[in-house]
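Right, one structure below, let's go through it.
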Amino acid sequence: MKDVVLEHITKSYNKGAVRAVEDVSLEVDKGELFGLIGPDGAGKTSIFRILTTLLLADSGSAAVHGFDVVKDFRAIRSRVGYMPGRFSLYQDLTVEENLSFFATVFNTSIQENYDLIKDIYEHIEPFKKRRAGKLSGGMKQKLALCCALIHRPEVLFLDEPTTGVDAVSRKEFWGMLRRLKEQGITILVSTPYMDEATLCERIALIQNGRIMSVETPDNIIASYPHALYAIRSENMNALLHDLRRAGEVASSHSFGDHHHITFRAGGEEAVQQNLLQRLREAGHRELSLQPIRPTIEDCFIQQMPA
Amino acid sequence: MNREIVIQTERLSKHFGDFVAVNEISFEVYAGEIFGFLGANGAGKTTAMRMLCGLSIPTSGQARIAGYDVYKNTEDIKKNIGYMSQKFSLYEDLTLEENIRFFGGIYGMSSRQIKAKSDALVEKLGMENETKKLVGALPLGWKQKIAFSSAIFHDPKIVFLDEPTGGVDPITRRQFWDLIYEAADRGITVFVTTHYMDEAEYCNRLSMMVDGAIKALDSPANLKEQYRAASMDEVFYEMARGAQRKAD
Amino acid sequence: MKQFLTFVRKEFYHVFRDRKTLLLLFGMPVMQIVLFGFALSNEIKNARVAVYDLANDAASRRIIEKMEGGGKFEMERKAWNREGVEQAFREGKVKMAVVFPAGFDDDLSHLNHAQVQLIADASDPNTANTLVNYASAIIMDYQRERMQAAAIPVPVSTEVRMIYNPELKSVTNFVPGVMALILLLICVLMTSVSIVKEKELGTMEVLLVSPFHPLLVIISKAVPYFFLSLINLTVILILSVTLMGMPIAGSLWLLYGVSSIFIMAALSLGLFISNVTHSQEAAMLISLLGMLIPTLLFTGFMFPIENMPLPLQVISNIVISKWYYIIVKSVMIKGLGLAAVWKETLILVFITVLLLTMSARTFKNRLA
């Protein structure tokens with residue numbers, strides 16, 4: 001069963017001046033952990049709002065858990081959990097008050113579904129008397145997740161839950177999502193962090209309102225059309241400049257402590273040696289060049305329209 | 001190596017009541033360096049950065065920014081630094097041209113200086129056709145580039161960047177770092193915070209804040225060696241995991 | 001129902017945890033009442049009075065002498081003319097003028113009846129009133145003197161002219177005005193801001209995507225402010241009775257009843273504003289400019305509506321606080337019952353229903 005279906009959804013703002021979502025179609029299976037991967041302004045939030053019945057699309061149709069987002073919006077609203085991107089809870093209420101408030105709004109109680117949030121809530125329980133405004137970013141995200149889960153939703157929509165959260169909290173957060181998935185909840189999550197893509201079962205790469213590809217992370221990586229190499233030297237900045245000037249190099253992007261490059265016309269051994277030779281002559285030391293497996297970010301860059 | 005020191009702190013601390021937000025941090029940053037300032041949420045980065053920018057008076061310790069004392073010469077500090085954050089960067093309801101003119105103006109540059117520099121800047125960014133457009137209508141990536149350019153428009157000694165690339169697409173993110181390198185080549189010291197660990201690799205040196213204190217400070221390569229880690233991600237994770245302070 | 005109550009409780013938390021706003025809410029009416037109480041105090045000393053004595057006979061001189069004696073008046077005796085008196089008023093050099101017509105004593109003796117004119121600067125109505133009362137008392141006193149001497153009654157009639165503010169609007173008008181203003185401020189401003197705040201926080205999105213009926217979200221936001229307004233109303237009434245010595249002449253029930261309707265109207269207005277704005281600043285600006293200024297201008301407690309040009313008088317009819325003000329004045333000061341103000345009450349109810357419909361109509365179930 002498909003839990004989320006979008007068919008040719010288009011949405012624009014300011015009377016068509018800003019085209020936020022353009023002809024987006026995708027399907028999410030029941031119990032799937034699905035990621036919308038793309039930068040700010042790609043249209044992720046608009047898609048989430050259309051699915052959570054907060055926005056009406058200009059054209060196309062969408063359904064969540066079998067219900068139409070326009071006709072059956074009431075049915076959807078009682079079955080989904082939603083954590084908006086800028087969601088920051090009630091700063092002047094305590095952790096506990098926030099949670100019990102949302103429980104009541106969703107017609108349930110903390111006790112009723114405690115088993116679902118227990119894992120997450122235990123992290124913040126020591127601070128349950130503290131006002132939400134005084135929590136750190138990571139803690140707030142956990143509390144917000146608890147609030148979105150408290151009514152045991154069928155489908156969970158998380159709009160950029162890890163933005164502005166440090167690497168450690170992000171890792172923890174994804175661990176929680178995987179455990180929730182095991183409980184059978186369908187999860188749709190968006191993120192601008194490309195490295196989080198591999199933590200999803202399937203992802204959609206999205207840019208400027210258009211979906212570039214929908215696949216499992218492995219398949220997206222496997223379909224990378226070029227041979228990719230990582231190159232480094234002592235002076236990375238100068239190396240990048242030289243690579244950009246080299247005619248045989250088709251693309252060069254810095255990735256942490258390496259630059260990732262592709263060659264025009266394949267990149268045979270001879271071409272590589274020639275490049276290294278020239279770079280050495282240009283004064284680069286400790287050069288290394290080796291083939292590597294692309295990351296999602298490589299794929300994203302490759303798929304981005306020039 | 002005898003390099004000019006532009007940021008020097010010694011046992012710099014900030015207390016809020018009983019709470020020690022920044023606990024005796026001591027470090028030096030050299031001219032033209034790209035200095036990464038990392039730490040988990042709540043580790044004290046923002047508080048420390050505010051003190052360095054002259055926005056917050058320390059509780060104890062010493063610090064000199066661009067040669068000025070953080071207690072006495074906060075106004076001089078402000079004249080010699082640039083600042084850009086992800087949250088506030090530009091006035092969305094002003095045009096690109098008006099924004100640049102404004103930022104030049106508040107640093108007391110003459111109209112002629114502003115004109116000459118902004119023409120050069122617009123040309124470099126390739127935004128000649130957008131100068132009369134409202135900034136709000138430009139793509140996020142462009143805004144970030146303009147914001148950075150505005151922050152260093154008055155040729156400050158140091159520019160503080162608070163998560164400058166959050167949410168930006170991968171290509172623009174790299175173009176942004178090109179701008180950072182360029183600024184560093186011009187001798188501007190870049191003090192940057194980020195949540196992208198690959199960006200941490202681009203810094204000359206990194207400091208890691210944990211629970212208000214600086215737990216490690218070295219080049220990315222040395223840090224990885226020291227922690228026997230394959231990536232900065234692992235170093236960061238290893239270090240921040242030990243943090244006691246989580247909910248503040 | 002339980003959901004609704006939880007919601008209302010949450011709203012009360014918000015209200016009580018924002019100490020500064022709370023202080024402002026309750027401090028404002030107290031401040032205003034106290035300030036005006038002192039500003040309008042009745043103590044008068046050495047008020048300058050222009051003496052325009054066209055008679056200059058024994059009777060006029062005697063009255064002037066008596067007025068000078070009490071220490072209340074400082075009589076400016078010089079060769080006044082009409083223009084001079086007017087100018088002295090305009091420049092604020094005198095607070096009152098006494099005009100004796102030519103042949104004052106003769107009139108008294110032969111016609112058994114004479115007139116003294118008292119002209120007072122009523123831009124400060126309380127002072128004017130007090131001055132005129134003092135002066136009248138002194139003239140009455142003089143009558144008694146003459147009566148004892150002459151055995152036949154010698155009536156001196158004083159003709160009083162209040163200039164600049166003929167209706168003597170003052171503290172009695174002020175309390176109902178403050179009531180209208182404060183209630184409007186709390187309800188419109190606080191409600192709209194608190195709802196828009198949820199929009200800014202992003203919590204509104206979550207509440208919309210919940211089974212809780214969205215209209216209930218809005219209504220439960222209004223509940224705390226309804227009660228706060230009633231408390232505030234009580235504070236104002238207590239202050240005006242104890243501090244200003246202004247008794248409530250009419251029915252207290254009627255007063256609270258009408259106030260509740262007015263509060264509902266103001267709340268719907270606040271909800272309406274929150275429906276059409278997206279930032280706290282915008283909501284605040286619209287509430288202040290759109291509510292405060294029309295209330296001050298068109299309600300009638302600062303500027304008399306009768307003196308306004310016709311178009312403005314017409315406009316004043318849609319300002320809801322004007323009707324509330326009329327009703328409260330009638331009930332509180334004149335002690336009139338519903339029978340006397342049913343028309344105004346009906347208008348008030350009508351506007352309330354209109355505003356409620358308007359805010360329900362503009363309420364959006366979605367974001368855009």
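Just check the range A:233-306 against the gyration tensor rule for me: Cα atoms, a ≥ b ≥ c as the square roots of the eigenvalues, rounded for a/c under 1.5, and otherwise prolate or oblate depending on whether a/b exceeds b/c.
Since a/c reaches 1.5 and a/b is larger than b/c, the shape of the range A:233-306 is classed as prolate.
Quick one: compute the contact order of the range A:1-46, relative version, from alpha carbon pairs under 8 angstrom and 6+ residues apart, as a percent. Spell out each step's value before the answer.
Values: 61 pairs, mean separation 17.8, N = 46.
Reported relative contact order: 39 percent.
Please go through the range B:1-94 and write out the trypsin sites (Lys or Arg not before Pro) that DSSP classes as loop and that have at most 11 other C-beta atoms within 10 Å.
B:ARG3, B:LYS72, B:LYS87
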Q | Net charge, B:ASN73 excluded, C-beta distance under 14 Å - Lys, Arg +1, Asp, Glu -1 | A | +2
Q) Which entries in the list B:LYS45/C:LYS197; C:LYS221/C:LYS364; B:LYS14/B:LYS45; B:LYS45/B:LYS215 go over 18 Å, if you measure between the two C-alpha atoms of each? A) B:LYS45/C:LYS197
Q.
Restricted to Cα positions, what overall size does the range A:2-222 have along the principal axes? Three whole-Å values, descending.
A. 46, 39, 33
(Q) Quick check on chain B: of the DSSP beta bridges with both residues there, what percent are antiparallel, nearest 5%? (A) 55 percent
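Would you mind calculating the relative contact order of chain C from Cα pairs under 8 angstrom and at least 6 residues apart, reporting the percent as a whole number? List each step's numbers first, then the result.
Values: 500 pairs, mean separation 63.1, N = 368.
Reported as a whole number, the value is 17 percent.
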Q: May I ask you to derive the FRET efficiency for C:LYS93 and C:VAL314 from their Cβ-Cβ distance with R0 = 45 Å, giving the value to the nearest 0.05?
A: 0.70
**Q.** Summed residue charge, Cβ within 12 Å of A:LYS171's Cβ, Lys/Arg positive, Asp/Glu negative
**A.** -4
Q) Roughly how many whole Å is it from the C-alpha centroid of the range C:178-197 to that of the range B:1-76? A) 44 Å
Q.
Below 8 Å, C-alpha to C-alpha, sequence gap of six or more: please give me the relative contact order for the range C:47-163 in percent.
A. 28 percent
Q: With label points built 7 Å along Cα→Cβ from the Cα atoms of A:GLN91 and B:TYR30, find their separation and express it in nm.
A: 4.2 nm
Q | Helix-only CD estimate at 222 nm, as mean residue ellipticity for chain C, using -39500 (n - 2.57) per DSSP H run (n ≥ 4) | A | -20500 deg cm²/dmol
Q) Shape call for the range B:130-195 from the C-alpha gyration tensor, a ≥ b ≥ c root eigenvalues: rounded (a/c under 1.5), prolate (a/b greater than b/c) or oblate? A) oblate
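Starting from the range A:1-105, pick out the trypsin sites (Lys or Arg not before Pro) whose DSSP state is loop and whose Cβ has at most 13 other Cβ atoms within 10 Å.
When the trypsin sites (Lys or Arg not before Pro) of the range A:1-105 are filtered for loop state and at most 13 Cβ neighbours within 10 Å, A:LYS15, A:LYS71, A:ARG86 remain.
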**Q.** Globularity index of chain B, i.e. its alpha-carbon radius of gyration over 2.2 N^0.38 Å
**A.** 1.02
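What pairs in A:LYS2/A:LYS118; A:LYS134/B:LYS72; A:LYS118/A:LYS142; A:LYS44/A:LYS142; C:LYS95/C:LYS329 have C-alpha atoms more than 23 Å from each other?
A:LYS2/A:LYS118; A:LYS134/B:LYS72; C:LYS95/C:LYS329
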Q | Anisotropy class of the range A:89-129 from Cα gyration tensor, a/c 1.5 cut | A | oblate
Q. Tally Lys/Arg at +1 and Asp/Glu at -1 over every other residue whose Cβ is under 9 Å from the Cβ of A:GLN91; what's the total?
A. +1
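Values in this text are rule-based calculations from the coordinates and carry no lab data. The structure presented is a predicted model; accordingly, all values stated were derived computationally and were not measured. A quick note on method: Cβ atoms are made from the backbone with ideal geometry, for glycine too, and the neighbour counts reach across all protein chains shown.
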